[in-house]
Amino acid sequence: MDAFGALCTTFNDDPDGACRPFDVSRAGTCLSDGGGMILLESEEHAEMRNAPNRYVEVAGFGQTNDASSILRPNEDGSGVISAILTACIQSGIHPSEISAYNCHARATIYGDLAEAVAIRSIMAAGKKYPTFEQFS
């Protein structure tokens, strides 16, 4: 990541202030320790084991690969837009029904730009297409 120029190296004395996605003074990605896991199971499996709580349902999924550069997505956000719209179509929801976005947000100039353009475009699409039938 450092060889690519994607790591933040300008805040070594202030690690808490280093990662600033979507900030005008962003300086790149920060490496850190940590981990996380999301465990998904089918609804049928949850029913078989009498799961007491169900927290979320994955109703749709979208994935793309810009393939234009190993370092940065297309600046027009087209890869991100395609992934979001694929998930909307798969799940049967309209773009205007999206209530939250979980961004990749690596605090890189081109990554932040692509995500911001994509989210803005999806929000505009929600206003442009009044029904799901017109959207899909």
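The values are calculated or read from the model by the stated rules, or taken from the named source; none is laboratory data. This structure is a prediction, so every number in the text was calculated from the model and none was measured. Cβ atoms come from the backbone with ideal geometry, glycine included; neighbour counts cover every protein chain shown.
Hey, any hits in segment 43-57 for a residue that's in a helix (DSSP H, G or I) and of a type in the set (Gly, Ala, Ser)?
Within segment 43-57 (the criterion being in a helix (DSSP H, G or I) and of a type in the set (Gly, Ala, Ser)), the answer is yes, since at least one residue qualifies.
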Exercise for review: Please enumerate the residues belonging to segment 20-44 that are more than 15 Å from ASP2 (Cα to Cα) and either among the β-branched types (Val, Ile, Thr) or touching a residue at least 12 places away in the same chain (Cβ under 8 Å) (or both).
Suggested key: ARG20, PRO21, PHE22, ASP23, VAL24, ARG26, ILE38, LEU40, GLU43
Check your understanding: Which condition breaks for ALA83 when tested against (1) in a loop (DSSP other than H, G, I, E, B); (2) under 16 Å from VAL117 (Cα atoms); (3) in contact (Cβ under 8 Å) with a residue 12 or more places away in the chain; (4) not aromatic (Phe, Trp, Tyr)?
Key -> (1)
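Only one residue in ILE70, ILE38 is hydrophobic (A, V, I, L, M, F, W, C), farther than 27 Å from ILE98 by Cα and in a loop (DSSP other than H, G, I, E, B). Which one?
ILE70
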**Study point:** Filter result (under 19 Å from ASN102 (Cα atoms) and acidic (Asp, Glu)) within segment 1-35
**Key:** ASP23
Check your understanding: Within segment 9-27, is even one residue modelled with pLDDT under 90, small (Gly, Ala, Ser), surrounded by 10 or more Cβ atoms within 10 Å (Cβ to Cβ) and touching a strand residue (DSSP E or B) at 6+ places or on another chain (Cβ under 8 Å)?
Key -> no
